[in-house]
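Where a number appears in this text, it was derived from the coordinates with a stated rule and is not lab data. Note that the structure is predicted; figures quoted are calculated from it, not measured. Reconstructed Cβ throughout: ideal geometry from the backbone, glycine too, with neighbour counts over all protein chains shown.
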Amino acid sequence: MKEESFLSDDFLRQLISVGDVDLLVGISSHNRRDTVRQFVPAVEEGLLRNFKRERIALVHVDMGSRDGTVQSGPSDGATGKYAGVESLRTLRWITTRSETAASADNILRTMLTAADLLHAKACAVIDSSAETGIAARVESLLLPVYRENYDLIAPLYARHKYDALLTRNLLYPICRSLYGQPVRELRATEFGFSGRLAAHCLARDEWRNDGWHSGAEMWMVITAMSNSFHCAQTFLGEKSHATSRAGVVDAIRHTVGGLFWCLESSESYWLKGAESEPLRTIGPEHQLTNESARVERKKLFQMYQSGVAELSQILETILDPETHAELVRLAALDEGAFRLSHSLWVRTIFEFAAAYRHSVINRDHLAQAFVPIYRGRVFSFLAEHRFSDSATMEADLESLCREFEAQKTFLIERWKKKGQGAP
């Protein structure tokens, strides 16, 4: 295992006092005092219904809460009882707290390190913003790992058709085309994993790379897929909508930068041409809800227009002249005529990815230059699917995935060519 110095002495002492465990469950929190009060008993319920004989540790990572979340949260010496079900072992709660808001990458690293130190066989990370079905989530993420020897269990959610548009338009199709496995939620806040996978991830060198901090969750999934670990995905119900502390621009920039870094760190795998493999899905593969959603489409189009104009010189450096010219042409159209096609969208993504690989400009600036292109794609998506039903949207997603697959050779050629950038 790599260095443990990022863990506090108190946290290490708590881990050492627990000893080896069979199962580990991790939760993180930030100013969720009321939620955690309801969340903890539900997590215990999910464990006690299925794992009465197992040695279990539960790790709570608080991200600098100021509302008393830590005091309202779990403490060691859980009762081990729920609704008449009694565990034959004591559930051990371990809590660590950051004085500042910890990032997702450090939370993941904390969970992986705890799993490795405790020699846990199966682990799950649960989103503390979840309001319903918490016990079932614990079961769904842990059981396939512990009882069926899976190494990674990714989540699936019921979502509104306008939800998770970056996942639908970019993360899922690129993952499917390059890595051969249709993992729907590449950047997840909930997942199950084996002790084997935790040890493998900790033994790698990527932890010291700045790109890892933006793409930690994606990196873990891609590491599992590209190293022959046994993966599956399971349906968890509706996705909770926690308020993000990051702005939209930062979220897109970090996600895209993290994705491109993941492509670079795993290039030895996907450049060979990964063959498509079946991926077991437990429950429905996709589900749309009737939740209402209000989206300001007009503003998205205006921000696409202004962004393409303001970043013209940067985009000329990143993109082929033909691609850049087409994006500029689209910006001059009326709203009703604007459509950013699958073909242009995929080609633009692949040109950005290759430019990132060859560092044609500062990588952070490159990722930020992608923001207006994404806004244009979202505007086009919303216009096309204003009245679409689930079947229509799924068919369109399948078409997009095929376009990513069709242009994969183009990406590989650009990626391999040294000094490749826009002419």
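General observations
- Toward the positive end of the charge dipole of the chain, with +1 on the Cβ of Lys and Arg and -1 on the Cβ of Asp and Glu, the farthest Cα among Thr234, Val138, Cys175 is that of Val138.
- Given R0 = 35 Å, the distance between the Cβ atoms of Ser312 and Thr409 translates into a calculated FRET efficiency of 0.75.
- Order of Cys201, Cys123 - criterion: other Cβ atoms within 10 Å of each residue's Cβ, fewest first: Cys201, Cys123
- Placing +1 on the Cβ of every Lys and Arg and -1 on the Cβ of every Asp and Glu, with no other charges, gives the chain a dipole of roughly 100 debye about its Cα centre.
- Anchor Lys416: aspartates and glutamates whose Cα lies under 14 Å away (excluding residues fewer than 8 positions away in-chain): Glu264, Glu267, Glu351
- Among Ala309, Ala122, Ala216, the residue with the largest mean-square fluctuation in a Gaussian network model of the chain, with springs joining Cα atoms closer than 10 Å, is Ala309.
- For Thr234, distant residues with modelled amide H under 5 Å away: Ala154, Leu156, Ile282
- Nitroxide proxy distance, nm - points 7 Å out along Cα→Cβ at Ile361 and Lys52: 6.3
- Pairs exceeding a 20 Å alpha-carbon distance, out of Lys161/Lys408; Lys121/Lys239; Lys272/Lys417: Lys161/Lys408; Lys121/Lys239.
- The residues Lys161, Lys299, when put in order of fewest to most other Cβ atoms within 10 Å, stand as Lys299, Lys161.
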